[in-house]
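Please read the structure below before turning to the comments.
The values are calculated or read from the model by the stated rules, or taken from the named source; none is laboratory data. Keep in mind it's a predicted model, so treat the numbers as computed, not measured. With ideal geometry, Cβ positions are generated from the backbone for all residues, glycine too; neighbour counts draw on all protein chains shown. When the accessible area is computed, the model is the full protein with side chains, heavy atoms only, and any ligands, DNA or RNA have been set aside. Shrake-Rupley method; radii C 1.70, N 1.55, O 1.52, S 1.80 Å.
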Amino acid sequence: MSRSLESDARLLYTGPDWDYRLVRKTFDAIERIAMGEMGLNPYPSQVEVISSEQMLDAYASMGMPLFYRHWSFGKHFARDEMLYRKGMTGLAYEIVINSNPCLCYIMEENTMTMQTLVMAHAAFGHSHFFRNNQLFKAWTDADSILDYLDFAKRYVSECEERYGADAVERVLDSAHALMSHGVHRYPRRTLNLKQEMERERERRRFQEQSFSDLWRTLPRRESDDGDDDPDLDARQHRLGLPEENLLYFLEKHAPRLAHWQREILRIVRVVAQYFYPQRQTKVMNEGCATAVHYAIMSRLHETGQITDGAFMEFLHAHTNVVFQPEFDDPRFSGINPYALGFGILQDLKRVCEDPTDEDRRWFPDIAGNGDALGTWKTAWAEYRDESFILQFLSPRMMREWRLFSVLDDADERDLIVDAIHDDSGYRELRRALAAQYDLARHEPDIQVVDVDLAGDRRLVLEHRVLDGRLLEERNTLMVLRHLANLWGYPVTLAEVDARDHHILHEYDDVEPDRVIA
Amino acid sequence: MVNIVDRRLNPKDKSLANRQRFIRRAKRQILDAVRDVSAKRKVTEVGQGEEAIRIPSDGLQEPSFRKASGTGVRRHLMPGNKEYRAGDTIPRPEGGGGRGAGGSPDGEGEDEFQFTVSRDEFLDLFFENLELPALARTQLSKIEQQGLQRAGYSVSGSPATLNLTRTMRNSLSRRLALHRPKRDEILDLDREIDRLERSGKEPERLRELIREREALTRRSRLIPYIDPIDLRYNRFVPTPRPISQAVMFCLMDVSGSMTEDMKDLAKRFFMLLYLFLERRYRHVDIVFIRHTHIAQEVDEETFFYSRETGGTLVSPALDEMKRVVRERYPPGEWNIYAAQASDGDNTPSDNPIAFRTMEEIILPLCRYFAYIEVGEERGWEAKTTLWEVYERLVAAGHPIAMRKVKQRADIFPVFRDLFTPAELRA
């Protein structure tokens, strides 16, 4: 009798309803486990309670709490809302923002168990990952991202007042089309968004101070472009070619853009860059958050802080999250990053604690080291999806998942199974799966290679084609039109085989269809 | 210490501005879709509630550089192998690609886009730039008076608005619920005490009665007869009281010469006009008058769906309209509009009468009179008798407009044409 009373006293909550006191108390209990026992190192958190409508709002603007205005966010909102209202999709349980403090949204409709799960998942799992992963450290500035977004929002709306909403919309449309090609893939310098805003102010001040209408009356030096640099190498050197960051190139070199248009390109580019690490670490990030919430919830249950019922409810939600349908299941839609990430981490834990001979052969460094948590933390800090899979996907996991690889050559009549989960296939499978998460392979490699400054100022781009995979034509033409509009002159794109430099396909002289000004 | 913030009270429609941008962007597509929807509705049902709109996605696509699906060499990693061995071949599934339903979240390859527009968004787009003619002549449109309207009860208010019935009802139920001693109980007790005191007998019982009386008195002091929580006041809210109201007369020729197709054209025109007036006025009435050689006010159902045959006379319809106006719609308070649809046939002897009725009675009543002549594509044009009559009215500068409509596609352009203000005409 006294025992059950004692254990009841340890319960954080009973029943499904939540209130602030319970949320706070539970957060503290999670924190004791996450930081005290597991030694995680997340950002400080801010838990925000929102309604489902607000979740829809947040969804529609790339999950950001504040953002500049654009019709495409409205479009996404309109569609999400429709799907949600008709019951065709549910909403995510959580959204978490990579910022310091880390913003973690919880929905009012959730039960207390779901709130617990979400806080463990987002405020500790994701947040630890954001704070410690190398890519995020190198590329994102969690301290000032919210300030920067606020600046971006205000800047865009000021531009709308000054230059008209339509003019701004045109620039944003074009910039969005190039957004996935607006990132530097290799770090140049650590991004500091505060400096970024300062620099914008500085640039504008300089421009306003140094503006003199007199300069307009000077005769132009027409010959300047061609004669000085007849030589391709010198020109390429001056323009920093080849350049894979198309937005960056346009921002720096597009001849006809006004200052504010360049600044908008810059904003879109900074945002794209901010999201770039997230796109490269989907499996790891979700894997980390899922493994963390699983460990924390299990621990809460073990220590009698949540009821059996709550734990069952959690397991139900958790199983849905890490469910991986097989390829012939109608629900199959590719590999579920939550399932893959969580699976690898759980398997890694087994390798550390209870290795087989096979594991010792495959993972000599870590097999049986007895420090699963430490191994996880190193992985979370140092890897991204591609290298993570290449390093840690074990034969046992491949067998459990019954993974196989299918070669799809568009020139062949049939598909070929080229590797399965057997001795001869493990390395092949692992390489292939890792390659699927290599953005550099996944996304077309498009670069600015030359500009015909002497002639018609045509911009020359090259798509270096891997494995014969050409661009989708209709979309490509539309993007090139946007590119030409920003550049102000025609644009040409050649698709070139990356190995033998044969030209496979060309988009010739796509003209701008309107002058951006 | 974690910071927990309640954001639920933050403004909800953070996406509203983006949504408006999107709607503006998709205007043309939405207009087409809206027109399709409205073609299938009853006159008085159109524009009620929200419309689920399915629009093609041209112009709403967000392109990006993507690799085409049907080229080159790809590998697909999949879980759940059952019988395949390395080297097996699999016939290519229909529709290319070895994957299942791998729809990208970005909606790659989406052809159509479905969403819901609210009624207001719908009507705003529909009637953008359209205006009622002859508004300058009246100062009535959109002017509103504030009036007060009863709206239930409130717990606070001025003494003048105290609602006695409610207050007393609350007071009574509270007293019953809390067992406030009744006045009669205390009086009975008093009488008993009085009797005992005088008689001097049963001192024990007397003390008990006095204690009981004290308890009851205390109780009735604690539970007052009327408590502030009983009070109820009549609540009034200011409501715009429209003084701008409009009535539309739909005059339709249903004589034998009008085919179902012609009636359908007429119906769609009336529908637009009705929607439009409803948008511009707080209160719109609609009167259906059909006529052959006799005319009669009918309900919508009869107006559109009953079959009637007979000869054609226009003037009885005008007389009927005059009657309805006289009985129900004093022109000083109502903006009167009329739309007449006919195939243009009229008995020749009626033409002079119709002309006179129009000029002397109907047109002076009306803000605007729209005549549409429905007909079939014949390849040759001859002016109908009614057309000639009305042309003379137009020439005389009366507020009447006339157009011909031959197929459904003509209706919206004609409608826009009739109601686009002169300064916006291209």
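Some points to look at:
- Helical contribution to [θ] at 222 nm, DSSP H n ≥ 4, -39,500 (n - 2.57), averaged over chain A, rounded to 500: -16000 deg cm²/dmol
- Of the residues B:Tyr153, B:Tyr281, the one with the largest accessible area comes first in the ranking B:Tyr153, B:Tyr281, computed with a 1.4 Å probe on protein heavy atoms.
- Fraction of antiparallel bridges per DSSP, segment A:383-517 only, in percent to nearest 5: 70
- Here r is the Cβ-Cβ distance between A:Asp423 and A:Arg350 and R0 is 22 Å; the resulting FRET efficiency, rounded to 0.05, is 0.65.
- Inter-probe distance in nm under a simple model that places probes 7 Å from Cα toward Cβ, at A:Ser298 and B:Leu164: 7.5
- Segment A:322-440, relative contact order [Cα under 8 Å, separation at least 6], %: 19
- Across segment B:159-235, the relative contact order, built from alpha-carbon pairs under 8 Å that are at least six residues apart, equals 62 percent.
- Accessible area per residue (1.4 Å probe, heavy atoms of protein chains only) ranks B:Tyr225, A:Tyr84, A:Tyr437 as B:Tyr225, A:Tyr84, A:Tyr437, with the largest value leading.
- The stretch between B:Ala151 and B:Arg279, if pulled fully straight at 0.36 nm per residue, gains 43.5 nm over its current Cα-Cα span.
- q = 0.06, 0.10 Å⁻¹, chain A: log10 I(q)/I(0) [Debye, one scatterer per Cα]: -0.36, -0.95
- Alpha-carbon centroid distance for the pair segment B:334-385 / segment A:388-444, whole angstrom: 78
- Three-way shape call for segment B:245-424 based on the alpha-carbon gyration tensor, with the a/c threshold at 1.5: rounded
- Share, in percent, of DSSP beta bridges within chain A that are antiparallel, nearest 5: 60
- Amide H to amide H, with H built 1.01 Å from N, B:Arg235 comes under 5 Å of B:Ala151, B:Gly152, B:Tyr153, B:Ser154, counting only residues 5 or more places away or on other chains.
- Buried area at the A:B interface is about 7700 square angstrom, summed over both chains, from accessible surfaces computed with a 1.4 angstrom probe.
- Modelled this way, with points 7 Å down the Cα-to-C-beta line, the labels at A:Arg32 and B:Glu192 are 6.2 nm from one another.
- Packing, as the average of other Cβ atoms within 10 Å across residues, places the peptides A:369-379, B:198-208 in the order A:369-379, B:198-208, highest first.
- Solvent exposure of segment A:322-440 amounts to 45 Å² per residue of accessible area, where only protein heavy atoms count and the probe is 1.4 Å.
- Amide proton proximity set for A:Ala419, modelled H, under 5 Å, gap of 5+: A:Ser405, B:Gly87
- Vicinal HN-Hα couplings computed from phi for segment A:284-298 (Karplus, 6.51 cos²θ - 1.76 cosθ + 1.60; Hz; Gly/Pro x): 5, 5, 5, x, 4, 4, 5, 5, 5, 5, 5, 5, 5, 5, 4
- Rolling a 1.4 Å probe over the protein chains gives B:Ser118 an accessible area of about 40 Å².
- Modelled this way, with points 7 Å down the Cα-to-C-beta line, the labels at A:Ala435 and B:Arg408 are 5.4 nm from one another.
- Neighbouring partner chain Cβ atoms per residue of A:434-442, average, 10 Å criterion: 1
- With 10 Å bins from 0: P(r) over segment B:159-235, alpha-carbon pairs, percent: 18, 35, 23, 15, 8, 2
- From the alpha carbon centroid of segment B:155-211 to that of segment A:58-81 is 66 Å.
- Within segment B:247-351, antiparallel bridges make up roughly 25 percent of the DSSP beta bridges whose residues both belong there.
- Scattering curve values for segment A:322-440, log₁₀ I(q)/I(0), Debye with Cα scatterers, q = 0.10 Å⁻¹: -0.33
- Built amide H within the under 5 Å cut-off of B:Gln245, gap 5+: B:Asn335
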